[in-house]
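As structure tokens, the structure follows; a few thoughts come after it.
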Amino acid sequence: MKKIKRQAVSNKSECVACGVCALECKRQAIQIFKGCYAIVDTSLCVGCGMCEKNCPAGAIEMEVIE
């Protein structure tokens, strides 16, 4: 059985740039861009989901990747 891989995706229009997702990311894959919204470095994201779980604005979602 093939393991499903996921990665975080930020919704810029919902993000309030609070930085909680960046603090929760143990891989430092998320940064707040110019104080406006979160951006995810997909090369560092391992899909753990901690950012999605802790985002107070619900602006981070986990996306299935191939």
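Every number in this text was worked out from the coordinates using simple rules, so none of it is lab data. What you see is a predicted model; the values in this text were computed from it and never measured. So basically every Cβ, Gly included, is an ideal-geometry build from the backbone, and we count neighbours across all protein chains shown.
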Report whether or not residue 22 is among the aliphatic types (A, V, I, L, M) and either closer than 12 Å to residue 60 by Cα or touching a residue at least 24 places away in the same chain (Cβ under 8 Å) (or both). yes
Consider region 2-21. How many of its residues are closer than 19 Å to residue 42 by Cβ and touching a Pro at 6+ places or on another chain (Cβ under 7 Å)? 0
Limited to region 13-41, what total is found for residues that are in a strand (DSSP E or B), touching a helix residue (DSSP H, G or I) at 6+ places or on another chain (Cβ under 7 Å) and either of a type in the set (Lys, Arg) or surrounded by fewer than 20 Cβ atoms within 10 Å (Cβ to Cβ) (or both)? 2
For region 51-62, what are the residues that are over 8 Å from the mean Cα position of the chain (by Cα) and surrounded by 13 or more Cβ atoms within 10 Å (Cβ to Cβ)? 54, 55, 57, 59
